[in-house]
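Mind having a look at this structure? Questions to follow.
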Amino acid sequence: MESISPKRFLKFLFIFVCIAASFTYSTSAVRSVRSAIPKTSTDFIRRSCRETTYPRLCFSSLSIHASKIQTSPQLLAATALNVTLSSAKTTSNVMLKLSLSHGLKPKEAAAMKDCVEELSESVDELRKSIGEMSRLKSRSSSKLMINDIQTWVSAALTDENTCSDGFGGKAMNGKVKSVVRVRIVNVAQLTSNALALINRYALING
């Protein structure tokens, strides 16, 4: 059996150490990148939300979707729309149940009926916006589509604010008024944030 010289042995040992070190570095690098993705996405969402009217609500409602959003302005805007639609649908159902409850004053019943209709329109407008957002592809074909999305979301926000304004009078029942306004204000703020993120996306891709 051929003996290995000390010099050759040291060469093999050096190569082995380099390979081992490279493997260790590669593994740790991959882990580092993977662990950095949520942080990068979260930072992106936080920075983007600073440009909205309600940054805290924006971040709390969207940061849980960081892994999906990554650092995409389009996915951020689309996710904001989906979160807003979900809240609007839930609020619409609550308003419908309240409108059917007994003991409402005539003015409250009328305001509740109007609110249900306005929220229904808001939900429809948000759905249209989401559908159009999912079809956005190239810059050349997206400008008109983005304009439509901005129009629909603005209309949804107007409907929500109109609903909230309908419960502003002193004649309204305090309990009904507080329930409605808290829920509607939350939806309106989410809608406002979604619109701001859509406008940001439009500016980037303009």
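Using the number of other C-beta atoms within 10 angstrom as an exposure proxy, rank 184, 69, 204, 64 with the fewest first. Spell out each step's value before the answer.
Values: 184 27, 69 23, 204 9, 64 14.
Placing the least packed residue first, the sequence is 204, 64, 69, 184.
OK, next. Taking the Cβ of each residue in 113, 143 as the centre, tally the other Cβ atoms inside 10 Å and list the residues starting with the fewest.
The fewest-first ordering by Cβ neighbours comes to 143, 113.
Separate question: Please give the peptides 99-109, 81-91 ranked by average Cβ packing (other Cβ atoms within 10 Å per residue), highest first, as a rough proxy for protection. List each step's numbers first, then the result.
Details: 99-109: 12.9, 81-91: 20.8.
Top to bottom by mean Cβ count within 10 Å: 81-91, 99-109.
Here is a follow-up. Quote the FRET efficiency, to the nearest 0.05, computed for residue 114 versus residue 43 with a Förster distance R0 of 45 Å and r equal to the Cβ-Cβ distance.
Result of the calculation: an efficiency of 0.60.
Can you figure out the FRET efficiency of residue 179 with residue 144, using R₀ = 35 Å and their beta-carbon distance, to the nearest 0.05?
E(calc), rounded to 0.05, equals 0.30.
Could I ask something else about it? Bins of 10 Å, beginning at zero and ending with the bin holding the largest distance: percent of Cα pairs per bin for segment 55-204, please.
So the P(r) values, bin by bin, are 11, 40, 29, 15, 5, 0.
Do any of 97/137; 68/143; 97/128; 113/137 go past 32 Å between their Cα atoms, and which?
Over 32 Å Cα-Cα: 97/137; 113/137.
Also, quick follow-up: Net charge near residue 122: determine it from the other residues with C-beta under 12 Å of the C-beta of residue 122, scoring Lys and Arg +1 and Asp and Glu -1.
Neighbourhood net charge equals -4.
Let me ask something additional. Given points 7 Å out from each Cα along the Cα-Cβ axis, report the residue 205 to residue 107 separation in nanometres with one decimal.
4.6 nm
A short reminder: the numbers here are calculations on the coordinates, not readings from a lab. Being a predicted model, the structure only gives us computed values, none of them experimental. Cβ atoms come from the backbone with ideal geometry, glycine included; neighbour counts cover every protein chain shown.
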